[in-house]
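Take a look at the structure below.
The values are calculated or read from the model by the stated rules, or taken from the named source; none is laboratory data. Note that the structure is a prediction, hence the values are computed from the model and not measured. Note that each Cβ is placed from the backbone with ideal geometry, even for glycine, and that neighbours are counted across all protein chains shown. The protein model used for the area step is the full one, side chains on, heavy atoms only, and it has no ligands, DNA or RNA in it. Shrake-Rupley method; radii C 1.70, N 1.55, O 1.52, S 1.80 Å.
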Amino acid sequence: MTEIDQAYIQDKFIEYCKVNTRSDEHSQSVPTTPGQITLLKIIEQELKKLGLDKVSFSEKDSYLVGRLPATSNLETTPIGFVAHVDTADFNADNVQPQVHPNYDGTDILLKAGRILSTSEFPSLKKHLGETLITADGTTLLGADDKAGIAGLLGMLKYLSENSDIAHGEIWVAFGPDEEIGKGAARFDVQRFPVEFAYTLDNGDPGDIAFETFNAAAAIIAFHGTVVHPGEAYGLMVNAALMASEFIQGLPANEVPENSKDFDGYFMVLSNNGNVDHAQIQLIIRDFDTDSFEQKKNLVTDLVDKLNKKYGEDRVVLEMHDQYRSPGDLIKKHPYVVNLVLHAYDALGLKPKVIPFRGGTDGDFISEKGIPTPNLFNGGANFHGPYEYVTTESMALLSRTLIEIVQQHVLLNNNRDNRPLKRKY
């Protein structure tokens, strides 16, 4: 088995978790918070220590990229890996990672009266005997995606110290503002000359997600006519009732609380108003592009029907796409997923194709022409005080990435292009 420097991975992870990189959706700066630049500059120096070349940080998009050169004149096409430095919208001040060696399955008492227990979080049972890392209960940990960063650095360290392992060009990219969907949308992929790439964001070992939601957001404004109710006959138009009628026109069962796996949904985020004016905020999610477009068309049709019923411009719709699933592009390049399946098989990992019920940086990078599915980083309970990861899980990510680049050398000239399935 590949010997990964687990102490290095653990040290880097803990060091990076202590840097507050919480992003801010209300900020117009690039990146949205200064702590992200602090961490990117720290990683920049680490890449140079590991022997990467073409290391550069762009002030325009705040992406850090670097290249580990090929070990020989291989014809293997360049491959890329992507991780994000920001953390989610939860307290990230003074993060104090707690290390629990040889975890024995007992409850862990955190601050603020919180308890990390196997009864509430049964996934902990998979990590008995491992080195568990948690926050102290007052902050998040930052495993999303600092576990991905640490695992990626573990791979780079191993390959830089073992030049006898054949691999092609490996490019890495570290970006900001993933949690608020802004970072990768700005990424200048001309600085990232790879055929395909992988994000390392969430998930258990063996997971791979090549489909995410397609996502859209809509604001529907309803304009009424206010008349004294005693004289309202034939005159009043109640905006609040129009809004209610719109909601009643949506499929009652296609809501988040009834959705799982590859199901899509409509979600009414807010419904506010009175007789004079009302407004609905709505989001639309679906994995299949055709179904996604049908959902958007349904919203448009409902608005049109209400305007025909109550008068033109009574209802005004503003709708825009937020991100697109990389699935359509990746299905045209199945080798990108099949390569990972070969690597999982070589490592004895059971593959699990999962729907990523959200968005990743891979959505935006794929939209720019680079097929980019998501792998795993081994952590759990992201975005809150119960977040954890183990050193062994991050080391397994390192081994997986090493196996992927080795399999790419073996398969590049005889690619496995079997059509992709949702279950293997």
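Loop-resident trypsin sites (Lys or Arg not before Pro) (DSSP state other than H, G, I, E or B) in the range 364-424 with no more than 11 further Cβ atoms inside 10 Å of their Cβ: LYS421, LYS423. Principal axis analysis of the Cα atoms in the range 360-416 yields extents of 46, 29, 13 Å, listed in decreasing size. Between SER119 and ASN94, the C-beta separation translates, for a Förster distance of 41 Å, into a calculated FRET efficiency of about 0.90. Counting 0.36 nm for each residue step from ALA7 to LYS331 and taking away their Cα separation leaves a gain of 112.8 nm. Rounded to the nearest Hz, the phi-derived 3J(HN,Hα) couplings of the range 161-166 under the Karplus curve 6.51 cos²θ - 1.76 cosθ + 1.60 (θ = phi - 60°) are 8, 10, 5, 6, 7, 6, where x marks glycine and proline. The share of C-alpha pairs in the range 31-89 whose separation exceeds 16 Å stands at 50 percent. A DSSP coil position with no more than 14 other Cβ atoms inside 10 Å describes the following trypsin sites (Lys or Arg not before Pro) in the range 19-101: LYS60. Springs between Cα atoms under 10 Å define the GNM used for the chain, and in it the highest mean-square fluctuation of PRO385, PRO69, PRO251 occurs at PRO251.
For the chain, which whole percent of the accessible surface, found with a 1.4 angstrom probe, sits on carbon and sulfur atoms?
Details: 8770 of 18400 Å².
After summing per-atom areas, the C and S share lands at 48 percent.
Take every DSSP beta bridge whose two residues both sit in the chain; close to 75 percent of them are antiparallel. The alpha-carbon positions of the chain define a convex hull whose volume is 161 Å³ per residue.
What pairs in LYS48/LYS146; LYS157/LYS368; LYS41/LYS146; LYS12/LYS49; LYS12/LYS111; LYS182/LYS332 have C-alpha atoms more than 22 Å from each other? LYS157/LYS368; LYS12/LYS111; LYS182/LYS332, as the Cα separations exceed 22 Å there.
Our summary of shape: the Cα atoms of the range 250-357 have principal axis extents of 64, 27, 19 Å, ordered from largest down, in whole angstrom. Simple point charges give the picture: +1 on the Cβ of Lys and Arg, -1 on the Cβ of Asp and Glu, and for the range 1-102 a dipole about the Cα centre of about 240 debye.
Averaging 1/r over each pair of different alpha-carbon atoms in the range 29-155 and inverting the result gives 17.3 Å, the Kirkwood hydrodynamic radius. The GluC sites (Glu not before Pro) found in the range 3-67 that occupy coil by DSSP, while having at most 12 further C-beta atoms within 10 Å, are GLU3, GLU25, GLU59.
Considering all projection directions equally, how large on average is the shadow of the alpha-carbon convex hull of the range 84-152, in square nanometres?
Values: hull surface 20.3 nm².
Projected over every direction and averaged, the Cα hull of the range 84-152 covers 5.1 nm².
Computed over protein heavy atoms with a 1.4 Å probe, the accessible surface of the chain works out to 43 Å² per residue. Annotation: lysines with alpha-carbon distance below 22 angstrom to LYS350 (same-chain offsets under eight excluded): LYS125, LYS126, LYS260, LYS331, LYS421, LYS423.
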